[in-house]
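Let me begin by presenting the structure, written as structure tokens, before commenting on it.
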Amino acid sequence: MARAIWKGSISFGLVNIPIALYPATRREELKFRLLRKSDLSPVNYKRVAKKDGREVPWDQIVKAYEYEKGKYVVLKDEDFQRVDLEATQTVDIQDFVEQDEIDPIFFYKPY
């Protein structure tokens, strides 16, 4: 069963219609495993710092935004919790357009 990639609602004045957005296509990819040649033992990806080449445990990893080459703003869990998610959960229909007014590139991946 496909998993919804977005859930929200469409509102027309006082009418509120809950919706869920599902991808209409399925991406087929080959997935390869990395193996050591000598004994076909699986090789795992490691979180390695570029500066010193040492492995970094998950509890020492932070999320950051690079605003300039080599300069970062570190974001904390509280920053993500403060985001107003409720405001992003609705689709406000402002107007309807004719189909030929829409650039065909927007039909590349149907939903």
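Descriptive notes on the structure:
- Ranking of Phe107, Phe32 by count of other Cβ atoms within 10 Å, fewest first: Phe32, Phe107
- Split the chain at each of the GluC sites (Glu not before Pro) in a DSSP loop with at most 16 other beta carbon atoms within 10 Å, and the longest piece is 30-97.
- For the chain, relative contact order (Cα pairs under 8 Å, six or more residues apart, normalised by length) works out to 28 percent.
- Counting every C-alpha pair in the chain, the share spaced more than 18 angstrom apart comes to 78%.
- Length gained when the stretch Ser9-Val48 is fully extended (0.36 nm per residue, less Cα-Cα span): 9.9 nm
- Of Ser11, Ser38, the sequence from fewest to most neighbouring Cβ atoms within 10 angstrom is Ser38, Ser11.
- Once the chain from Asp79 to Lys37 is taken as fully extended at 0.36 nm per residue, the excess over their C-alpha distance is 10.7 nm.
- Exposure proxy ranking for Asp79, Asp39, based on other Cβ atoms within 10 angstrom of each Cβ and starting from the fewest, stands as Asp39, Asp79.
- A Gaussian network model of the chain, with springs between Cα atoms under 10 Å, assigns the largest mean-square fluctuation among Ala64, Ala20, Ala49 to Ala49.
- The calculated FRET efficiency for the pair Ile19 and Phe96, based on their C-beta separation and a Förster distance of 25 Å, comes to about 0.90.
Every read-out reported here was derived from the displayed coordinates using simple, explicitly stated rules and does not represent laboratory data. These numbers were taken from a predicted model, which means no experiment stands behind them. Backbone-built Cβ (ideal geometry, glycine too); neighbour counts: all protein chains shown.
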